[in-house]
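Before any comments, here is the structure.
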Amino acid sequence: MSNIISFGNNDICMSNGTTDVFINLIALNGSELAKTESEKQLIVWISEKDQKTVGMGTVSFDMSEMIWNRETFLNDRAFLVKVTENAEKGFCWEKLDYTPNKEIILPVLEKFKEMLLSMTEKDIKDEELQEWLKEKTELDFPRCQKHNTLLTFCGCQVCNN
């Protein structure tokens, strides 16, 4: 089984293991950098793609389905680009109990960044954020005591993996 992140005519196809590494690196780096509510929401949304809880090979998504906020889109996109660049540079890798395979994960991160940069406000599906927020009873953004990642309904993405 595998997972796919898609946008337009672009796809990132990843094994389940690569998906876990990708999400762990985005969760760790994003949690380090997130300051605004919309940035924290995006990191929690991505972290919710936790295969150990949701199911192996079932966390594919299209980037237009992410919980983008039209009002903060440009800043949020720039934030995720920075998160991805930090992950590419190896930031937060030491928090993992394994060493990611650079030959596999770096092309995934680069492609994700390219897809982010190709997105525009026109690509946003406004209903995605509203639907996601309906499911949340509170958004106080608690953090894992061990990894300092933003927690999801599944707990800590990194602890789960």
TODO: Could you please let me know if Ile67 is assigned to a loop (DSSP other than H, G, I, E, B) and of a type outside the set (Phe, Trp, Tyr)?
DONE: yes
Open item on the list: I need a count of the residues in the range 64-90 that are under 15 Å from the mean Cα position of the chain (by Cα) and either open to solvent by 70 Å² or more (accessible area, probe 1.4 Å) or within 20 Å of Ser31 (Cβ to Cβ) (or both).
Closed with: 16
TODO: Please work out if Ile104 is of a type in the set (A, V, I, L, M) and either open to solvent by 70 Å² or more (accessible area, probe 1.4 Å) or touching a Cys at 6+ places or on another chain (Cβ under 9 Å) (or both).
DONE: yes
Task: helices (runs of 4 or more DSSP H) contained entirely in the range 4-57, each with at least 3 residues that are open to solvent by 20 Å² or more (accessible area, probe 1.4 Å) and at pLDDT below 90 - done: 51-54
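The values are calculated or read from the model by the stated rules, or taken from the named source; none is laboratory data. Since this is a predicted model, take the numbers as computed values, not measurements. So basically every Cβ, Gly included, is an ideal-geometry build from the backbone, and we count neighbours across all protein chains shown. Note: areas computed on protein heavy atoms with side chains; ligands, DNA, RNA excluded. Shrake-Rupley method; radii C 1.70, N 1.55, O 1.52, S 1.80 Å.
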